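Below is one structure, written out as structure tokens, with a few remarks after it.
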Amino acid sequence: MPSTDAAARQDAEFVTFFAGAQSFSLDISHVREIRRWSTVTPLPHAPKEVLGVMNLRGSVIPIYDLSARFGPGPTTDNPRNVVVVATIGSQTVGLLVEAVSEILSVAKSQIQETPDIRSENTRASITGIIQMEEGMTRVIDLEAVIQCKAKQAA
Amino acid sequence: MVIPISSVIETIRPAPSDLHLIGTNDRLLAIRGRFLPMIDVAQCLGFGSRDPAHSPLALLVETDAQTHCALIVDAVLDQRQVVIKGLDSNYGAIPGVSAATVLGDGQIALILDTEALTSSLYGFNGVRTAAIAQNSSPASAQAAQSMQVQKIMTSPPNPGAPHAIH
């Protein structure tokens, strides 16, 4: 079918970054800006991946630690850590990552489905995998990462 | 941490002889012949309990229900007017916290919900707090420690008037 072919050939752009020594990517349409790390105010009763809230030009945004969420543990303090500010719907959130690497442009057909891994939590928030020259990158579903918090808090 | 000044009656540094244990874990503060329940704010918010040897500072607060109780904090920093920023739009509701504000240095302070904190007296979130405190990772506990000294009293722009959320 020509229409699906066209859809598969269509490019998708992702911002890739490292958290917990793993490569992740997020659809570029969600990414608003990349900022240096600044101090956060911890929140009471927050799950482990919510580091706290940060001041982004007068608005209060929550910061999620991707390494605590998907990786081996909380991100270690490092002045080189950066915050990827992302928006979804009317929500603005920050993702703490170790480094932002590149903007990846791939055809949608190159995005592989997440294999049947055991952790349902991970499977829900990683929508796909893109093969790269060196290894692979995990495509994250921002909404699922944020909703996970809502579920735990409820 | 910020607490609306309209709910604060007075601040006192109680003498050790004014503190009384009741039951296994609850404490009462004797003041002018009355006994008020003491609420450790840090513990209530899941930031771990404070050093009992350190002499506490108590904020006497009054809630809408006319009940009085003593909130235990580390220090009172100052009084200021703040602009209230909602947390619901980007994050969601947090028990014990009603909103946030941005301080002069760009840091964010959380505004305490005295109603919710004092209602924990009646078993509203005591169990829940204990469960969450156990789950919290060492890193977040550490971050919380450094925050405990940041207790700030604040005066809303119009004491008594409902807060507008900007």
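Of all residues in segment A:48-79, exactly one satisfies the criterion of being basic (Lys, Arg), in contact with a helix residue (DSSP H, G or I) (Cβ under 8 Å, 6 or more places away or on another chain) and more than 9 Å from chain B (Cβ to nearest Cβ), namely A:ARG69. Scanning segment A:57-73 for residues that are over 15 Å from the mean Cα position of the chain (by Cα) and surrounded by fewer than 21 Cβ atoms within 10 Å (Cβ to Cβ) gives A:ARG57, A:GLY58, A:SER59, A:PRO72, A:GLY73.
Report, by residue number, each residue of segment B:86-120 that is open to solvent by less than 50 Å² (accessible area, probe 1.4 Å) and charged (D, E, K, R). Across segment B:86-120, the qualifying residue is only B:ASP113.
Tallying residues that are assigned to a strand (DSSP E or B) and more than 30 Å from A:PRO47 (Cβ to Cβ) within segment B:1-14 yields 5.
Going residue by residue through segment A:76-87, is there one that turns out to be modelled with pLDDT under 85, over 23 Å from B:PHE47 (Cβ atoms) and not small (Gly, Ala, Ser)? Taking every residue of segment A:76-87 in turn, at least one turns out to be modelled with pLDDT under 85, over 23 Å from B:PHE47 (Cβ atoms) and not small (Gly, Ala, Ser).
Is there a residue in segment A:36-47 that is assigned to a strand (DSSP E or B) and either within 15 Å of B:ASN90 (Cα to Cα) or more than 10 Å from chain B (Cβ to nearest Cβ) (or both)? So far as segment A:36-47 goes, yes, one or more of its residues are assigned to a strand (DSSP E or B) and either within 15 Å of B:ASN90 (Cα to Cα) or more than 10 Å from chain B (Cβ to nearest Cβ) (or both).
Put simply, of A:ILE103, A:ILE140, A:ILE129 the only residue that is β-branched (Val, Ile, Thr) and free of Cβ contacts under 8 Å to residues at least 40 places away in the same chain is A:ILE129.
Selection of segment A:24-42 for residues being buried (at least 20 other Cβ atoms within 10 Å of the Cβ) and not hydrophobic (A, V, I, L, M, F, W, C) yields A:SER25, A:THR41, A:PRO42.
Being of a type in the set (A, V, I, L, M), over 30 Å from A:PRO62 (Cα atoms) and in a loop (DSSP other than H, G, I, E, B): is that true of B:ALA65 here? Spelling it out, B:ALA65 is indeed of a type in the set (A, V, I, L, M), over 30 Å from A:PRO62 (Cα atoms) and in a loop (DSSP other than H, G, I, E, B).
Taking A:VAL84 as meeting all but one of (1) in contact (Cβ under 8 Å) with a residue 60 or more places away in the chain; (2) within 14 Å of another protein chain (Cβ to nearest Cβ); (3) buried (at least 17 other Cβ atoms within 10 Å of the Cβ), write down the number of the exception. (2) is the only condition that A:VAL84 fails.
Candidates in segment A:89-107 are the residues that are within 14 Å of chain B (Cβ to nearest Cβ) and surrounded by fewer than 17 Cβ atoms within 10 Å (Cβ to Cβ); of these, the one that is farthest from A:THR39 (Cα to Cα) is A:GLY89. Looking across segment A:134-154 at every residue that is at pLDDT below 85 and open to solvent by 70 Å² or more (accessible area, probe 1.4 Å), the one that is farthest from the other protein chains (Cβ to nearest Cβ) is identified as A:GLU134. Among the residues of segment B:15-34, those that are assigned to a strand (DSSP E or B) and loosely packed, with under 13 Cβ neighbours inside 10 Å comprise B:HIS20, B:LEU21, B:ILE22, B:ARG34.
Of the conditions (1) open to solvent by 40 Å² or more (accessible area, probe 1.4 Å); (2) away from chain A (no Cβ under 14 Å); (3) closer than 29 Å to B:GLY104 by Cβ, B:LEU60 satisfies every one except a single condition; which number is it? Only one criterion is unmet by B:LEU60, namely (1). When B:ALA42, B:ALA75, B:ALA70 are checked against the criterion of being more than 14 Å from chain A (Cβ to nearest Cβ), surrounded by 17 or more Cβ atoms within 10 Å (Cβ to Cβ) and within 29 Å of B:GLY104 (Cα to Cα), B:ALA70 stands alone in meeting it.
The values are calculated or read from the model by the stated rules, or taken from the named source; none is laboratory data. What you are looking at is a predicted structure, and each value in this text was computed from that prediction instead of being measured. Every residue, glycine among them, receives a Cβ derived from its backbone with ideal geometry; neighbour counts consider all protein chains shown. For the accessible areas, the whole protein counts, side chains as well, though only heavy atoms, and no ligand, DNA or RNA atoms are used. Shrake-Rupley method; radii C 1.70, N 1.55, O 1.52, S 1.80 Å.
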